[in-house]
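The values are calculated or read from the model by the stated rules, or taken from the named source; none is laboratory data. Please read all numbers here as calculations on a predicted model, not as lab measurements. In this analysis, Cβ positions are derived from the backbone assuming ideal geometry, glycine residues included, and neighbour counts consider all displayed protein chains. These area figures cover heavy atoms from the full protein model, side chains too; ligands, DNA and RNA do not enter into them. Shrake-Rupley method; radii C 1.70, N 1.55, O 1.52, S 1.80 Å.
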Amino acid sequence: MNSIRTSLARTAAQLEQVSATPRLDAELLMAHALGVTREAVILRHLDDPAPVGFAALIERRVAHEPVAYITGTRAFWTIDLHVGPGVLIPRADSETLLEAAVAHFGRRSPTRILDLGTGPGTLLLAALDQWPGATGLGIDRSPEALAQARSNAERLGLAKSATFLPGDWTRDIDERFDLVLANPPYIATDDLLPPEVSAYEPAGALYAGADGLDAYRVLVPQFPRLLAPGGAAAVEIGATQAAALGALARVVGLTVDIRQDLGGRDRCLLLTP
């Protein structure tokens with residue numbers, strides 16, 4: 001039987017055709033097969049025999065199924081989220097929104113947080129872990145997303161701080177918040193996406209009209225009435241959308257600060273009254 005070391009090397013080469021991070025994918029799937037952490041695989045198990053179930057996991061990845069759906073988990077900010085089909089998988093780029101919010105508030109803490117299009121609770125639960133004294137509201141139109149968000153809140157011990165409700169963006173919300181977070185769909189309808197995204201993740205969380213801006217046209221004009229004095233909205237954007245969305249925000253009286261992700265791409269608009 002092959003060792004884990006040998007299996008990881010062979011599998012990483014196999015995954016080069018379907019993944020930008022083949023070695024990482026192989027290690028995460030091996031850890032899942034063993035029921036241990038990735039760090040434990042690397043530090044303690046490389047010379048152990050490869051588990052029988054590993055091959056089936058790799059077959060799923062070769063078919064472009066996302067690693068997060070295969071393992072059922074994804075690390076984000078300071079938390080680990082359970083994720084599954086029907087919800088957008090958290091991306092490291094979205095952590096740019098939390099970084100912008102932390103910089104805005106400094107030593108202060110937001111008291112009340114709103115997360116629009118919460119998915120599995122990604123941004124709201126990360127923010128509540130960052131600021132334990134805060135409470136928050138997560139809105140999503142997807143029953144699958146809300147079920148996963150509530151489950152994640154329970155598992156993370158944040159159920160008393162987080163409320164998740166069905167909704168259509170800001171409709172029926174009559175409250176001001178210190179921090180508004182939003183990662184709306186922003187992909188243009190005709191844009192091509194990798195198979196692991198287009199074939200597996202929910203289209204409603206990805207596509208937003210011919211230019212990808214439809215959700216922002218609904219959301220941005222609502223921010224002035226949603227933000228409390230001293231508050232801010234941190235909104236994820238596509239890498240080429242900063243100019244158009246900055247102009248939209250300035251029309252409704254908001255100040256715009258553009259933040260880049262780790263790859264140096266425009267990723268977040270920090271909007272303040």
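Side notes on the structure shown:
- Counted by Cβ distance under 15 Å from Gln222, the other residues give a net charge of -2, where Lys and Arg count +1 and Asp and Glu count -1.
- Relative contact order (percent, whole number), region 1-151, Cα cutoff 8 Å, 6+ residue spacing: 17 percent
- Surface share of carbon and sulfur [accessible, 1.4 angstrom probe, percent] for the chain: 54 percent
- Tensor-based shape of region 119-273 (alpha-carbon gyration tensor, a/c under 1.5 rounded, otherwise prolate or oblate): oblate
- Relative contact order [Cα under 8 Å, 6+ residues apart], the chain, whole percent: 15 percent
- Working note: Debye formula, equal point scatterers on the alpha-carbon atoms of region 213-270, no solvent; log10 I(q)/I(0) at q = 0.15, 0.17 Å⁻¹ is -0.40, -0.51.
- Where region 1-149 is the region considered: accessible area per residue in Å², 1.4 Å probe: 45 Å²
- At q = 0.10, 0.14 Å⁻¹, base-10 log of I(q)/I(0) for the chain (Debye sum, equal scatterers on each alpha carbon): -0.54, -0.99
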